Each structure stands twice: as structure tokens, then as C-alpha cells.
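Here's the structure we're looking at; comments come further down.
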Amino acid sequence: MARVPEVLIADQDPQARFEMKRLVKQVNLTVAGESGLGTEAVSLASECKPDVIVCGVGSPSERSLQTIEAVLDVLPETPVIAYGWQDDSDLVRKTMLAGARNFVLMPAEPERVLDAIRTVLEAEERKRLRLTGQTKALGPRGLSIAVFGAKGGVGKSTVATNLGVALSSELNQSVVLVDADNSFGDVAAMLDVKAERNIVDLARDIDSVERNTVTEYLTQHDSGLWVLPAPRETLLWRSVSPDRFRKSVQLLSRRFDIVLIDTAGVLNDFSLAVLEEANMVLWVTSSDFSSINNSLIGLETLQQLSYPEQRIRLMLNVISSDDGVRPAKIESALGREFFWHVPYDRQVRMGGQVGRPVVMTDPESRGGKSMVDLARALTGTGGPKPTAKPTSWRRLFVKRNEETAPAAASEGSS
């Protein structure tokens with residue numbers, strides 16, 4: 001995983017400074033130092049050179065605004081985030097003019113602070129790549145979506161195969177499905193495709209493969225979906241390093257609109273590399289206790305690793321006809337809302353067993369329609385839309401260059 005960002009906190013109010021330090025530590029970031037405003041903040045920033053500076057803005061605000069300007073004179077490449085307790089659009093505008101890159105309204109949840117810090121750091125990295133010409137060399141990239149489940153049997157691969165086919169056949173997207181389950185990948189069997197090459201072959205040759213020749217390693221399904229299967233011999237995975245896998249996904253993302261990655265049902269070093277490379281994670285869980293418990297542990301683990309929480313989309317896949325657990329109870333246990341709810345449909349599981357996804361055999365069935373609607377929601381071409389609206393001052397900070405497709409609320413998941 002990437003190095004943990006170091007944060008410097010500047011605030012004249014010791015109690016406010018303590019509160020912000022508590023929030024930063026709660027999301028497992030490093031506090032590089034803390035200080036008051038003015039020359040004290042500038043001197044400490046010059047000494048410790050943090051990754052990001054978080055500056056409190058009180059009333060009157062002039063001293064805080066001067067501090068923001070002063071630290072940026074000394075460290076112009078270091079992003080500054082302002083925070084305060086006044087929901088005042090004029091104050092937010094002034095902090096932006098002083099050079100702040102974001103504003104956190106207090107009191108705030110720890111995840112809000114982490115999201116603000118991650119956003120400015122990622123924007124700074126994109127800026128650095130643009131200035132050095134590296135983004136031009138890489139070229140445009142498609143969306144990378146990992147499908148993950150914290151245990152086997154939750155329907156993770158079923159979701160991945162149906163979603164891939166729906167994106168290709170229903171929405172005419174250019175899509176490749178990568179089987180990155182390094183235990184027992186079965187995407188090829190679920191799609192009934194016979195492949196001559198697999199992910200091990202591509203990873204081995206990745207340094208010599210070009211964008212226009214990568215399809216030589218893939219197999220195309222009847223739906224138009226391209227497939228990069230896992231090897232039949234599990235031990236071959238030992239030759240695939242996380243770094244070579246990342247390079248493979250990056251190459252594929254320069255060839256396809258969407259790279260869909262089916263993962264192993266465990267958080268090991270390889271699956272963590274997959275999640276780190278993905279722009280979005282569809283986290284699939286069923287309603288049984290072990291799946292919910294494993295998901296809770298897994299989500300807490302990613303939080304400890306400072307994984308960007310905004311990338312995760314939680315999905316409930318109902319795999320039993322007698323499932324009486326209410327989605328709201330699972331949401332309460334996991335501490336987050338479902339992005340999508342796949343209803344029980346016997347045809348969905350049967351389709352995987354015979355190599356014919358339900359979105360091909362019966363797209364109007366409950367399961368098939370849910371998968372097609374999910375594909376539309378992920379690409380912004382239809383499906384449920386979020387209803388929450390930002391407050392007036394937050395409209396000033398709508399994120400640019402979103403790394404994921406628009407969020408959507410699940411049908412029937414309340």
C-alpha cells in the first residue's frame with residue numbers, strides 16, 4: 001500500500017486543534033506536527049514538510065487566511081485544507097482565494113476528513129503527472145471496477161460475469177473481464193469460454209505487449225465481452241507479482257472502456273493490489289452471518305490501511321428464497337448503505353452453472369433486470385439516482401475528475 005500521508009495541523013484554538021488531531025488519527029493518518037497560526041505554523045511546516053496542511057479558520061478569519069497564504073509561499077506544492085464551524089459560503093470563498101484546496105465543516109465525521117485529504121492529494125498527483133508529461137504518455141484510461149466478496153459463496157463471480165455481459169451486450173461498452181481469483185478462478189467456466197491464454201501469460205509478457213496487441217491474450221465471449229481467464233493450474237499464480245498485475249490492468253484500461261476484475265474472496269497481498277488499482281470496488285455480501293461478519297472485518301481492515309472509502313460500493317446479493325433478513329439491519333451492522341440490491345432469482349445461479357448468464361437468456365427476469373440496471377447505473381445511462389443534495393457551501397466543492405462512475409441508490413434496498 002502507499003505511504004501513509006503526514007498531516008500538519010495549524011489552529012490557534014488548542015481545543016479545536018485537539019479535535020482535528022483526533023479525527024486525523026482515527027483514520028490512521030500520521031500527525032506530523034501541530035501549531036498555532038502565523039510564523040509558528042510557517043516554521044513548523046518548513047521544518048517537517050508534511051504531505052498536507054490542515055488549517056483551522058475561526059472568527060475573525062484574517063489570521064487564518066494570512067497563515068494559509070504564508071505557508072503556501074514557503075511550500076507552494078503542499079495542499080492546504082481549511083476547516084471551521086461556520087457554514088458560511090463567503091468564508092469558504094475567502095479560504096479558497098487564500099489558496100485552500102478544500103473546506104471541512106465541523107463537526108465532521110472522520111471519513112469526511114479522510115475523503116478531503118485523499119481528494120487533494122490525488123489532485124496534486126494528477127497535477128504532477130500533467131506537468132511532467134506522464135499523463136500524455138499513458139494516454140486515456142478506462143474505468144477499472146473490482147468485484148470483491150469477503151468470503152466464497154456470496155455470488156461475486158456471478159455478479160462479475162453477468163455485469164460484464166450486460167455492459168457489453170446491452171450497453172455496447174468495450175469491456176474486458178479479468179479473472180484475478182488466484183485461488184480457484186472460474187469465470188471461464190461460468191461463461192463457457194475456451195481460452196488458449198490467461199492472465200499468467202499476459203503478466204509474463206507485459207513489458208513487450210502493446211495496446212493494439214493485447215487482445216491476442218484474450219478470448220471473446222458471444223456477447224462481445226472480452227475475457228482474460230485465470231490459469232487452470234493454481235500454482236502458476238506464483239509467477240504473477242502484484243506489480244506485473246498492475247501493469248496488465250493499466251494496459252487493458254488503455255484499450256477498453258471498462259476493465260472488470262473478479263477477485264479472490266480473501267484480503268491477501270494480491271487482492272489488496274487489485275483493490276488499490278481499481279477505481280471502484282463492488283463489495284458483494286449475502287445476508288448470512290459469516291458474510292456480514294467477514295465484510296465488517298474487511299472494511300475495517302481497509303480503513304486501517306487508509307484505503308479511499310469513497311471507492312467502495314456495497315452490494316447485497318440475495319442467494320436464498322427464504323432469506324428474511326431486512327437489508328436495513330445489514331446496513332446498520334456494516335455502518336453503510338447498500339449501493340445495490342440483487343433480488344433472489346433462481347435463474348441467476350442456474351445460468352452460472354450452465355455457462356449462460358441470465359442477462360443473455362432472460363434479461364427481463366428479476367435477476368437479469370437488476371444486473372442490466374446495475375450496468376446502466378455504473379455507466380450513468382440510467383437506473384436509480386442519488387437523491388441527496390449538497391448544502392449551499394458544499395456546491396462550491398463538487399469534485400472534478402471523479403475516479404468512479406456516478407453513485408446510485410439500490411432499488412428496493414431501503
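See the values below:
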| read-out | value |
| --- | --- |
| Filtered residues of region 1-32 (kept if part of a loop (DSSP other than H, G, I, E, B), within 33 Å of the chain's Cα centre (by Cα) and within 19 Å of P107 (Cα to Cα)) | D11, V27, N28, L29 |
| Filtered residue count, region 268-323, keeping only those that are more than 27 Å from I199 (Cβ to Cβ) and in a helix (DSSP H, G or I) | 11 |
| Every residue from region 197-228 that is among the hydroxyl-bearing types (S, T, Y) and in a loop (DSSP other than H, G, I, E, B) | T213, S223 |
| Test for V80: is it within 22 Å of P5 (Cβ to Cβ) and in contact with a Ser or Thr (Cβ under 7 Å, 6 or more places away or on another chain) | no |
| Meets criteria (assigned to a helix (DSSP H, G or I) and within 20 Å of A160 (Cα to Cα)) for R246 | yes |
| Where a residue in region 44-70 is more than 19 Å from V7 (Cα to Cα) and its partner, wherever it lies, is modelled with pLDDT of 90 or more and not in a strand (DSSP E or B), with Cβ under 6 Å and at least six apart | R63/L37 |
| V187 vs. criteria in contact (Cβ under 8 Å) with a residue 24 or more places away in the chain, under 21 Å from the mean Cα position of the chain (by Cα) and crowded, with 19+ Cβ neighbours inside 10 Å | no |
| Conditions (1) farther than 28 Å from E309 by Cα; (2) of a type in the set (V, I, T); (3) touching a Ser or Thr at 6+ places or on another chain (Cβ under 7 Å): number failed by I53 | (1) |
| Which listed residue is within 26 Å of L275 (Cα to Cα), at pLDDT 75 or above, among the β-branched types (V, I, T) and buried (at least 18 other Cβ atoms within 10 Å of the Cβ), from V358, V342 | V342 |
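Each row is one residue, and each column tells you yes or no for (1) modelled with pLDDT of 85 or more; (2) over 28 Å from V318 (Cβ atoms); (3) surrounded by fewer than 17 Cβ atoms within 10 Å (Cβ to Cβ); (4) not assigned by TED's automatic domain parsing to the domain that holds A188.
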| site | (1), (2), (3), (4) |
| --- | --- |
| T234 | no, yes, yes, no |
| F245 | yes, yes, no, no |
| N268 | no, no, yes, no |
| L275 | yes, no, no, no |
| V284 | yes, no, no, no |
| S306 | no, yes, no, no |
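Each row is one residue, and each column tells you yes or no for (1) outside any helix (DSSP H, G or I); (2) outside the structural domain of E277 (by TED's automatic domain parsing); (3) closer than 30 Å to E277 by Cβ.
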site: E34; (1), (2), (3): yes, yes, no
site: A41; (1), (2), (3): no, yes, no
site: A45; (1), (2), (3): no, yes, no
site: S59; (1), (2), (3): yes, yes, no
site: L91; (1), (2), (3): no, yes, no
site: R112; (1), (2), (3): no, yes, yes
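Each row is one residue, and each column tells you yes or no for (1) surrounded by fewer than 16 Cβ atoms within 10 Å (Cβ to Cβ); (2) in contact with a strand residue (DSSP E or B) (Cβ under 7 Å, 6 or more places away or on another chain); (3) closer than 18 Å to V348 by Cβ; (4) modelled with pLDDT of 90 or more.
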residue	(1), (2), (3), (4)
R93	yes, no, no, no
P110	no, no, no, no
E122	yes, no, no, no
G164	no, yes, yes, yes
L167	no, yes, yes, yes
L177	no, yes, yes, yes
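The values are calculated or read from the model by the stated rules, or taken from the named source; none is laboratory data. Given the structure is predicted, the values throughout are model-derived calculations rather than measurements. Because the Cβ atoms are built from the backbone with ideal geometry, glycine has one as well, and the counts that use them run over all protein chains shown.
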